[in-house]
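Only one structure is covered here, and it is reproduced in the block below.
The values are calculated or read from the model by the stated rules, or taken from the named source; none is laboratory data. This structure is a prediction, so every number in the text was calculated from the model and none was measured. When we count neighbours, we look across all protein chains shown, and the Cβ atoms used for this are built from the backbone with ideal geometry, even at glycine.
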Amino acid sequence: MAATRITPDHAEAHFFIGYAYTELERYHEAIEAYRQAISIEPDYVAAHSGLGMAYVILGDKDSALEEYNELKNLDEDAANMLYNLIYKV
């Protein structure tokens with residue numbers, strides 16, 4: 001996490017921290033890291049996807065759908081992948 005202390009406005013660093021937390025099954029911390037990445041770079045598709053997936057894992061369908069709606073405007077394929085996770089299609 002030194003990268004975010006050195007360059008706190010580096011969205012990719014926050015994204016990878018979120019990814020690492022996801023891999024560790026620390027989803028609430030992952031959500032915070034993904035949100036930080038998105039606050040820096042609002043159109044960051046991978047961060048929206050990661051955030052949506054974390055919400056799905058935690059059973060927060062409404063928040064996952066909010067990320068799906070964001071992704072629809074950014075990347076149709078990523079939006080469809082998240083939609084399929086939300087509804088287990």
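Note on region 28-44: residues that are over 9 Å from the mean Cα position of the chain (by Cα) and of a type in the set (A, V, I, L, M, F, W, C) amount to 1. Looking only at residues of region 70-89 that are of a type in the set (S, T, N, Q) and closer than 18 Å to Ile57 by Cα, we find that the one that is surrounded by the fewest Cβ atoms within 10 Å (Cβ to Cβ) is Asn84.
For region 47-77, the set of residues classified as in contact with a Gly (Cβ under 8 Å, 6 or more places away or on another chain), within 16 Å of Tyr21 (Cβ to Cβ) and among the small types (Gly, Ala, Ser) consists of Ala47, Gly50, Ala54, listed by residue number.
I'd like the full set of residues that are polar (S, T, N, Q) and at pLDDT below 95, limited to region 1-45.
If the condition is that a residue be polar (S, T, N, Q) and at pLDDT below 95, then Thr4, Thr7 are the ones that fit.
Only one entry of Leu71, Leu24, Leu51, Leu58 meets the criterion of being among the hydrophobic types (A, V, I, L, M, F, W, C) and within 10 Å of the chain's Cα centre (by Cα), and that entry is Leu51.
Whether any residue in region 1-9 is among the small types (Gly, Ala, Ser) and surrounded by 15 or more Cβ atoms within 10 Å (Cβ to Cβ) is what I want to check.
Keep residues of region 1-9 that are among the small types (Gly, Ala, Ser), which gives 2-3.
Filter once more, keeping what is surrounded by 15 or more Cβ atoms within 10 Å (Cβ to Cβ): none.
Among the residues of region 1-9, not one is among the small types (Gly, Ala, Ser) and surrounded by 15 or more Cβ atoms within 10 Å (Cβ to Cβ), which makes the answer no.
May I ask you to verify whether His48 is surrounded by 15 or more Cβ atoms within 10 Å (Cβ to Cβ), touching a helix residue (DSSP H, G or I) at 6+ places or on another chain (Cβ under 9 Å) and at pLDDT below 95?
Numbers: surrounded by 15 or more Cβ atoms within 10 Å (Cβ to Cβ): yes; touching a helix residue (DSSP H, G or I) at 6+ places or on another chain (Cβ under 9 Å): yes; at pLDDT below 95: no.
It is false that His48 is surrounded by 15 or more Cβ atoms within 10 Å (Cβ to Cβ), touching a helix residue (DSSP H, G or I) at 6+ places or on another chain (Cβ under 9 Å) and at pLDDT below 95.
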